[in-house]
Amino acid sequence: MSDEIKTNPTPAGAEPTAERSHLPMWILVVLLALLYVGGLYFNQHSGWFDKQVYSPYGNAAELELYQPKSGAAAALAAGRKSYESVCGTCHGNDGLGKPGQAPMLAGSEWVIAKGHNRLAHIPLAGLSGPIQVGGKDWNLSMAAMGVALSDTDLANVLTYIRSSWGNKAGEVTADDIKAIRASLGARPQVMTHDMLMALPE
Amino acid sequence: MKNGFAIFLTAFLVLVTSWTAFVLGPQLQLGRARQVAVLNSSDVYPTSRPGEAAQGLVVYRANGCAACHTEQVQQDGVVCDVVLSSAGKNPSVVSNLLATLKLSGITEEAALAAGDKITAAGGKVETHIIPTGPDIARGWGLRHSVAEDFLYDNPVQLGSLRIGPDLADVGRRLPDANWQLLHLYAPKSVAKDSLMPPFRYLFETKKIGATPSPDALNLPKEFAPADGYEVVPKPEAKHLAAYLLSLHADVPLYDAPFTPAAPAKP
Amino acid sequence: MTVNEKQIDTSCRVPLLVLFGGAALWLVVGSLLALAASLTFHMPDKFGDCSWITYGHLQPAADDALLYGFCIPAGLGVALWIFARLGQTPLRGALVPVVAAHLWNLGVLVGLVGIFAGDSTGFAWLEFPRGGSALLFFSYLLIALWALMNFSGRREGGTFPSHWFLVAALFLFPWVYSTANILLVGWPVRGVVQAVVAWWAGNNLVFLWTSLAGLGASFYFLPKMSGRPLHSYFYALFAFWTLLIFGSMRGVPVGAPVPAWLPALSAMNSLFLIVPVIAITVIGWKTVRDATGPECKGGSYCMIEFGFVAFLLSALLLVTSACPHFSRITQFTWFGTAQTQLQLYGFFAITMFGAIYYILPRAVGIEFAFPKLIRVQHWFAILGVAIFVVALVVGGVEQGLKLQDPRVAFADSTKTMLPFLRASTTGLLCIVIANLMFALNVFLMIAAWKWSVAKTVFAFVISPLSKTEVKA
């Protein structure tokens, strides 16, 4: 093949031509080898298209591992998550409440009260009837939304609302919730304003 | 490929793939992004830039600042530190245990294991998440930059050359508007070896009137104007300084977790 | 030269003169702007009193003048001529590409003035404001359409490898440029998506378009000038596919503030680019290996060969800089600038010089005024780009190593760069001289052609009327 080309070079002035010898196998092998190496790299470093995984994290599991878990910081994070999924629809993720649905929690005297006893009874037993929150009159009905949450979860939620949006009140522990749940019994009566005021702070 | 249509089809298919991966994909993932929650806080991030700072972004773009400065912090890795928050009922047992464990610069799994050991001995621990990397070590940022940092910027000025330092977090590092203005007018007056040209056209040298202007720059002798003259920043300079002060990337997020330093006790 | 060939060359004459003339002008303007930008590092204080002479205005203008002012029109002109020659079909309706080329030059002017006036869009390689970019887009469409019409109406059937590369390049620019301008300037996308689109467009324009257009020209001129057939059709097909696929799927830098899959995808495809580089090396090597044609004496053939080697080096630099360990050092440093300059000037511009020096005398029918200057220009260009690239590659790596070490103060990393920047300024000076020589030859040829046209018209006007034309 190459001898033919040597004796028949492209004549001067004519347009160039391309000879038709076949592609050698070795370059395809190189391509496959690189595809394999590249695939390994992508598997380790891409987070498989997860939009929250940034380098240096390699995947979603690693990112989740490095989220704060211990201490007050983690409790707040967990409390925020639970709050936004359970309470936020009515009370608002910004804690400002929604007219006709639920009163505000930001600055609410029931939330920032020194003791957490009255506050904790509300999600564990429910609340209905007229009540004043932040100078406004409310007369709605709230189911016992906290019954389905564990002691730790509800404690985190209450700690979260007591320290967010400008509220500055103390934390609520899982033991506190456990005690109140026990005292309320299996089918607690729905709270009213007067029943709450009868409780110690 | 014998004919033009085959070439066209090839090129079209390849470009559609490339467009899907780099234009459509990111737009679907990030194009309708909203504010996200700050870790361990009820705040949302980012907040949009105040008016002056937004105008400052226009000045930043028009003057090509992104040709020399980047606005993206890089992070090479992440380590954990285990910190004792309470010694519990058996302080001596706990302190003996602490002496045997490696508690600093370790992976999260090692931190969890160490934390379990200490909790079993009665103590309480906190794990601190610490980003690592030369940018972090230099103080250019507290964590790597993420998409949320640029949510409200138009145009996004990430930059690609570090002829000057990174600016992603410069509002936290250099929060003094006066320093920024001095640096713009005469970079060498505040940074001895700076290669940055002076941006004197953003300022006005005018005769001192009845009283000196409150905005006048307080320049060292070799950069000060002639006697009887003062250097006053034009609105562009003030807006640019406001923009630089608004550049923060210092809150922990889900996709960029870190443990912020505890605020100083009052 | 057959009569047919002369017809083909002459049919392209005026579009090529406008395209190459404008390209030469913007090349000189761009390199002068780049030189001025480089000088701002050596005497920063002198550049502080007017916004037009700050680095942030000069450098983007220089970059855009090189890419849009020189590279794209030169590539379009060479593509027009190669299509006409390969298809053995003269270019018809040359007025349209001529008007389009003038519009293109207007667009570049509007764009550059816009950058200096502060209307830059803020995205690297896409800084032209709306007016300029719209003019560029529409005039490119016209010229590309004319080239494609010539291609589809060609007498000589079948395709040669250059066809694939050039058709792909013709198609690539309008798609990428319009998408980028619409999504960044027209109806801007939100937040960091802008940066991703800008990186994608930058890669496709600066790397992929110039690679396709430049290789299309190289694969035509290497076999033609060496008198050997191109080795080989299937190698070139393989190189075309792999270059197009892998070259278009990269661009996002490692460690960027975007989800990790984007830089990972980009790095992976940058690694795969080794395959087309190997294929293209083999093509070039085997095509010219047994050539008995022109020796390298500083003429067109030498330039095409140098450009080809420069492409291989530039692509290798690109591949290395995408490797995560190495990119950590070289990102945000002058290394990237060096690689881009090697691609745009070392490879593409020098290949275009070789092509233009070959094409213009044949198209216009006049020889260059200073043929010996071509060799001098060739050596200045090579010297300039070599100094520039070597200085900034070495300097960039040093700068990167210092940036990676947090114990080194930032000011030290900039101080380290100063001697390398001085060397790069010297390289730019050589490039300016080379460009001036190129422009001189091209402008003198334009002038000579205009003079010959004027003489013909004048001769016609004063020629005595023949007896039959005079009425009694």
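Within region B:47-93, the set of residues being buried (at least 18 other Cβ atoms within 10 Å of the Cβ), among the small types (Gly, Ala, Ser) and in contact with a helix residue (DSSP H, G or I) (Cβ under 7 Å, 6 or more places away or on another chain) comprises B:Ala53, B:Gly56, B:Gly64, B:Ala67. Considering the conditions (1) at pLDDT below 90; (2) more than 30 Å from C:Ile283 (Cα to Cα); (3) assigned to a helix (DSSP H, G or I), A:Ser55 is excluded by exactly one of them, (3).
For beta carbons closer than 9 Å, sequence separation of 6+ or different chains, a first residue in region C:428-440 that is more than 15 Å from C:Leu33 (Cα to Cα) and a second that is outside any helix (DSSP H, G or I), the qualifying pairs are C:Met437/C:Phe370; C:Leu440/C:Ala369; C:Leu440/C:Phe370. Would you be able to tell me the number of residues in region C:318-340 that are more than 18 Å from the chain's Cα centre (by Cα) and either part of a helix (DSSP H, G or I) or surrounded by fewer than 22 Cβ atoms within 10 Å (Cβ to Cβ) (or both)? The number of residues fulfilling the criteria is 14.
A quick yes/no check of all residues on (1) in contact with a Gly (Cβ under 9 Å, 6 or more places away or on another chain); (2) among the hydrophobic types (A, V, I, L, M, F, W, C):
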| position | (1), (2) |
| --- | --- |
| A:Leu140 | yes, yes |
| A:Gly166 | yes, no |
| A:Val172 | no, yes |
| A:Asp175 | no, no |
| A:Ile180 | no, yes |
| A:Gly185 | no, no |
| A:Met191 | yes, yes |
| A:Met197 | no, yes |
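Within region B:209-266, the residues that satisfy the criterion of being in contact with a strand residue (DSSP E or B) (Cβ under 7 Å, 6 or more places away or on another chain), among the hydrophobic types (A, V, I, L, M, F, W, C) and within 30 Å of A:Ala61 (Cβ to Cβ) are B:Val251, B:Leu253, B:Phe258.
The criterion of at least 1 residues that are in contact (Cβ under 8 Å) with a residue 40 or more places away in the chain and facing chain C (nearest Cβ under 7 Å) is met by the following helices (runs of 4 or more DSSP H) wholly inside region B:106-178: B:134-137.
Looking at B:Ser189, B:Ser213, just one residue is without any contact (Cβ under 8 Å) to a residue 40 or more places away in the chain and in a loop (DSSP other than H, G, I, E, B), and that residue is B:Ser213.
For region C:124-138, the candidate set comprises residues that are under 26 Å from C:Leu95 (Cα atoms) and buried (at least 23 other Cβ atoms within 10 Å of the Cβ); within that set, the residue that is nearest to the chain's Cα centre (by Cα) is C:Leu136.
Checked against the criterion of being surrounded by fewer than 24 Cβ atoms within 10 Å (Cβ to Cβ) and more than 7 Å from every other protein chain (Cβ to nearest Cβ), the candidates C:Gly227, C:Gly202, C:Gly214 yield just one match: C:Gly202. Being touching a residue at least 12 places away in the same chain (Cβ under 8 Å), loosely packed, with under 10 Cβ neighbours inside 10 Å and farther than 25 Å from B:Ala67 by Cβ is true of B:Gly228. Exactly one residue out of B:Pro197, B:Pro260, B:Pro165, B:Pro252 is closer than 30 Å to A:Lys81 by Cα, crowded, with 19+ Cβ neighbours inside 10 Å and not hydrophobic (A, V, I, L, M, F, W, C): that is B:Pro252. Going by the conditions given, is C:Ser152 surrounded by 23 or more Cβ atoms within 10 Å (Cβ to Cβ), within 12 Å of another protein chain (Cβ to nearest Cβ) and touching a Gly at 6+ places or on another chain (Cβ under 7 Å)? For C:Ser152, the condition - surrounded by 23 or more Cβ atoms within 10 Å (Cβ to Cβ), within 12 Å of another protein chain (Cβ to nearest Cβ) and touching a Gly at 6+ places or on another chain (Cβ under 7 Å) - is not met. Only one of the numbered conditions (1) over 30 Å from C:Ala195 (Cβ atoms); (2) within 31 Å of the chain's Cα centre (by Cα); (3) modelled with pLDDT of 80 or more is not met by B:Ser85, and that is (3). Look at region C:160-187: where a residue is more than 9 Å from every other protein chain (Cβ to nearest Cβ) and a partner is of a type in the set (D, E, K, R), sitting 6+ places away or on another chain with Cβ atoms under 9 Å, you get C:Asn181/C:Arg130; C:Gly186/C:Arg130. With a requirement of 3 or more residues that are closer than 24 Å to C:Leu109 by Cα and modelled with pLDDT of 95 or more, the helices (runs of 4 or more DSSP H) lying completely within region C:132-238 that satisfy it span C:161-181, C:193-202.
For region C:400-412, the tally of residues that are more than 8 Å from chain B (Cβ to nearest Cβ) and within 32 Å of the chain's Cα centre (by Cα) stands at 2.
Restricted to region B:1-33, and to residues there that are polar (S, T, N, Q), surrounded by 14 or more Cβ atoms within 10 Å (Cβ to Cβ) and within 14 Å of chain A (Cβ to nearest Cβ), the residue that is farthest from C:Arg155 (Cα to Cα) is B:Gln29.
Can you tell me which residue within region A:42-52, out of those that are assigned to a helix (DSSP H, G or I) and either touching a Phe, Trp or Tyr at 6+ places or on another chain (Cβ under 9 Å) or in contact (Cβ under 8 Å) with a residue 60 or more places away in the chain (or both), is farthest from the other protein chains (Cβ to nearest Cβ)? Among those that are assigned to a helix (DSSP H, G or I) and either touching a Phe, Trp or Tyr at 6+ places or on another chain (Cβ under 9 Å) or in contact (Cβ under 8 Å) with a residue 60 or more places away in the chain (or both), it is A:Trp48.
Candidates are the residues of region B:34-79 that are more than 11 Å from every other protein chain (Cβ to nearest Cβ) and in a loop (DSSP other than H, G, I, E, B); the one that is farthest from B:Ala249 (Cα to Cα) is B:Pro50.
Could you please find all residues in region C:87-120 being surrounded by fewer than 24 Cβ atoms within 10 Å (Cβ to Cβ), within 14 Å of another protein chain (Cβ to nearest Cβ) and on the phi < 0 side of the Ramachandran plot? C:Gly87, C:Thr89, C:Val113, C:Gly114, C:Phe116, C:Ala117, C:Asp119, listed by residue number. Can C:Ala36 be described as within 14 Å of chain B (Cβ to nearest Cβ), modelled with pLDDT of 95 or more and either over 24 Å from B:Gly159 (Cβ atoms) or surrounded by fewer than 23 Cβ atoms within 10 Å (Cβ to Cβ) (or both)? Here the answer is yes, as C:Ala36 does meet what is asked. Residue under question is B:Glu148, and the condition is that it be more than 20 Å from C:Gln331 (Cβ to Cβ), touching a Pro at 6+ places or on another chain (Cβ under 9 Å), at pLDDT below 95 and surrounded by fewer than 21 Cβ atoms within 10 Å (Cβ to Cβ); does it hold? Taking the combined requirement at face value, the residue does not satisfy it.
Residues in region C:437-455 that are of a type outside the set (D, E, K, R) and surrounded by fewer than 17 Cβ atoms within 10 Å (Cβ to Cβ): C:Phe443, C:Leu444, C:Ala447, C:Ala448, C:Trp451, C:Ser452, C:Val453, C:Ala454.
The values are calculated or read from the model by the stated rules, or taken from the named source; none is laboratory data. Bear in mind the structure is a predicted one, so any value in this text is a computation, not a measurement. We place every Cβ from the backbone using ideal geometry, glycine too, and count neighbours over all the protein chains shown.
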